[in-house]
1. Dipole size in debye (nearest 20) for the chain around its Cα centre, Lys and Arg Cβ +1, Asp and Glu Cβ -1?
2. For region 97-166, what's the relative contact order in percent, using C-alpha pairs closer than 8 Å and at least 6 residues apart?
3. Name every cysteine in the chain that ends up alone, with no second cysteine's Cβ under 4.7 Å, or say none.
4. Exposed loop sites here are trypsin sites (Lys or Arg not before Pro) in DSSP loop states with at most 15 other C-beta atoms within 10 Å. What is the longest stretch of the chain lacking them?
5. Of Lys39/Lys61; Lys9/Lys54; Lys61/Lys106, which ones are farther than 22 Å apart at the Cα?
6. Which of the aspartates and glutamates could a cross-linker span from Lys120 if the Cα-Cα distance has to be under 12 Å and same-chain partners fewer than 8 positions apart are dropped?
7. Under 12 Å from the Cα of Lys78, which aspartates and glutamates turn up, not counting those fewer than eight places away in the same chain?
8. Test of the criteria: in region 41-98, which GluC sites (Glu not before Pro) are in a DSSP loop and have at most 15 other Cβ atoms within 10 angstrom of their Cβ?
Amino acid sequence: MIKTKITWKAVLGYEAQYQISNMGSVVSLHKRNFGKIIKPRIDRGNYFTVRLCKQGITSTKYVHRLLAEAFIPNPLSKCCVNHINGEQWDNSLYNLEWTTHSENMKHAYQIGLCKSAQSKSVEDKCSGKKYNSIKEAAIDCKLSYTALKGYLKNDWINPTCLKLTG
């Protein structure tokens, strides 16, 4: 079994208040809670988060982002932190990388975390007509792709007879 040496670095933007270890633990440097490990929470997307406070203002931060900011060089100033294996709970440094938003989305599609909305088939329940994609249905029904996607994903009230079938 290989033992990893624990290293601590200041949390970016909270240098005087918190430190993060290369293992993903966040510790408070506040007088009242000095040395206390902050217990992470899991958000709706299954990402570990911690609540940090600075000058009376509390904010929630992703642990994987804090780790990347502290331990992973970002010479190209990429904006997103990607979990290479697709597991949000795996915040090992070898599993994190800086990416652009586009690279992050492409990776999610490549490993099967996301499915293209355009690859889903659509059926018109009123006429029985079937479409191979949302885009095809939008063009045929003279609707905007964005609006139809919103209707089909129940983001908006659906005034059409169109339903996702795939």
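Rule-based calculations on the coordinates, nothing more; no lab input. None of these values were measured; they are calculated from a predicted model. All Cβ positions, glycine included, derive from the backbone under ideal geometry; neighbour counts span all protein chains shown.
1. Working: 25 positive and 12 negative charges, 103 e Å.
Roughly 500 debye, rounded to the nearest 20.
2. Answer for region 97-166 is 30 percent.
3. Result for the chain is Cys53, Cys79, Cys80, Cys114, Cys141, no neighbouring Cys Cβ within the cutoff.
4. Working: sites that count: Lys3, Lys5, Lys31, Arg32, Lys36, Arg44, Lys115, Lys125, Lys129, Lys142, Lys153.
Between exposed loop sites, the widest span is 45-114.
5. Values: Lys39/Lys61 12 Å; Lys9/Lys54 17 Å; Lys61/Lys106 24 Å.
From Lys39/Lys61; Lys9/Lys54; Lys61/Lys106, over 22 Å: Lys61/Lys106.
6. Glu136
7. Qualifying aspartates and glutamates at Cα under 12 Å: Glu69, Glu97, Glu103.
8. On the way: sites: Glu69, Glu87, Glu97; in loops: Glu87.
Passing both the DSSP loop test and the Cβ count: Glu87.
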